[in-house]
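K.L.:
Could you have a look at this structure, given as structure tokens, before my questions?
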Amino acid sequence: MEVLIGDPYRLDPLRDWDGRLRECNRDEIPGLPSSDGEVFFGLKRGAPMKIIETVKEMQAYAESLRIAGKKIAFVPTMGYFHEGHLDLMRNGRKQGDCLVISIYVNPTQFGPNEDLAKYPRDFERDRKMAASVGVDVIFYPPNEEMYPDNYQTYVNVEGVTDNLCGLSRPGHFRGVTTVCCKLFNMVKPHVTIFGKKDFQQLTAIKRMVIDLNMDLEVVAMQTTRETDGLAMSSRNIYLKPEERESALSLSRSLKMAKEMYNRGERDAGVIVNKVRTFIGDHPHARIDYVHICDTKTMKDIERLGGEAVIALAVRVGAARLIDNYVFGDPLEI
């Protein structure tokens, strides 16, 4: 029995003559370069980590895994890893048979006066860190692969992106949802893992996946923090030693908000004013926003009844820092 996929005159290279899935060599798959007979979808632990730079190769590799019945877990990143990234990858290692990460500093999510040019990059450092937690594939595309000449299509998630960073960073979420949609089409994951530190981004990605009927599970993980409570971020390297105390005002104000909530305070305005005053008393801190929002709509609320999140964006020196707390969740600071 022949198993015919696509072209009715071409045998599926992943199946034997009787249609059973088989383990095959990388050089048997159209569109993938030879690797001297390396078994590529058996995903044996200890096998060399792969680095893929083209969309065509990434899609072909992902499709071969899916045909073989393997589950793909995916962690999209912009690189310059910290322990928070590694926590996402460790979770992804448990979620699937093949763990793919992407490293791509996406220009369409940066505004004209933002830090695209100076955003930290160190691929060799990232490669070693990814290997240390068992990543199988790094997808590392150049700009011309992601946004070729005459590129014209964008994904715009409305509603949940209107508030917070949607106000202070116009166009940011259009870039985020566009690049994530593209990466999902390239990597073809079954599950993708995001951190809760950028709660609005997480909400927008979940909304896009639901609205566009993507066959994809979005897993959210708690924010990873430094020992002093500062949310881990690649942009923390911008902080000068004398600015560290001001940076800690974010996590400490969230702890204050949590304590107010636990004591019974439900007036969002009272909590917001207390947090703004606390952060404003720190010399290097300039508040972008402090809002309490409904977690589903990301719209401001006046009283805490259903699930709500307090979201912060604060500039400390050259760093723009964000943090949040979902009321009722644990907060270990």
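K.L.:
Testing the spin-label approximation: label points 7 Å from Cα along Cα→Cβ at Arg276 and Lys255. State their distance in nm.
P.N.:
2.4 nm
K.L.:
Please work out the FRET efficiency for the pair Glu302 and Asn150, using the Cβ-Cβ distance as r and a Förster radius of 45 Å; give the result to the nearest 0.05.
P.N.:
Numbers: r = 47 Å, r/R0 = 1.05.
That gives a FRET efficiency of 0.45.
K.L.:
If I take every Cα pair under 8 Å that is 6 or more residues apart in the chain, average their sequence separation and divide by the length, what percent do I get for the relative contact order? All intermediate terms of the calculation are to be shown ahead of the outcome.
P.N.:
Numbers: 573 pairs, mean separation 47.1, N = 333.
Relative contact order for the chain comes out at 14 percent.
K.L.:
Further, regarding this structure: When N counts the residues of the range 72-157, how does its alpha-carbon radius of gyration compare numerically with 2.2 N^0.38 Å, as a ratio?
P.N.:
1.19
K.L.:
Between Thr227 and Arg121, what length comes free when the chain is fully extended (0.36 nm per residue of separation minus the Cα-Cα distance, one decimal in nm)? List each step's numbers first, then the result.
P.N.:
Working: separation 106, 0.36 × 106 = 38.16 nm, distance 2.41 nm.
Taking Thr227 through Arg121 to full extension adds about 35.8 nm, to one decimal.
K.L.:
Can you give the extra length, in nm with one decimal, that the chain gains between Lys240 and Arg266 once fully stretched, where that is 0.36 nm per residue apart less the Cα-Cα distance? Numbers along the way, then the final one.
P.N.:
Details: separation 26, 0.36 × 26 = 9.36 nm, distance 3.63 nm.
My answer for the length gained is 5.7 nm.
K.L.:
Moving on to the next point. How much FRET efficiency would the formula 1/(1 + (r/R0)^6) give for Asn113 and Arg66, where r is the Cβ-Cβ distance and R0 is 51 Å, rounded to 0.05?
P.N.:
Values: r = 42 Å, r/R0 = 0.82.
About 0.75, to the nearest 0.05.
K.L.:
Can you tell me the relative contact order of the range 238-326? Whole percent, Cα pairs under 8 Å, sequence separation 6 or more. Walk me through the numbers before you get to the answer.
P.N.:
On the way: 140 pairs, mean separation 28.9, N = 89.
The normalised contact order for the range 238-326 reaches 32 percent.
K.L.:
Taking the Cα centroid of the range 112-167 and of the range 224-265, what is the distance between the two, rounded to the nearest whole Å?
P.N.:
25 Å
K.L.:
What's the magnitude of the charge dipole for the range 238-326 around its Cα centre, counting Lys and Arg as +1 and Asp and Glu as -1 at the beta-carbon? Answer in Debye, nearest 20.
P.N.:
On the way: 15 positive and 13 negative charges, 15 e Å.
Dipole size: approximately 80 debye.
K.L.:
A further question on this structure: In the chain, what percentage of the DSSP-assigned beta bridges are antiparallel, given to the nearest 5? Please list the in-between numbers first.
P.N.:
On the way: 23 of 42 bridges.
Among the beta bridges of the chain, antiparallel pairing accounts for roughly 55 percent.
Values quoted throughout were computed directly from the atomic coordinates according to the rules given, and no laboratory measurement underlies them. Everything numeric here is computed off the predicted structure, so don't read it as measured data. We place every Cβ from the backbone using ideal geometry, glycine too, and count neighbours over all the protein chains shown.
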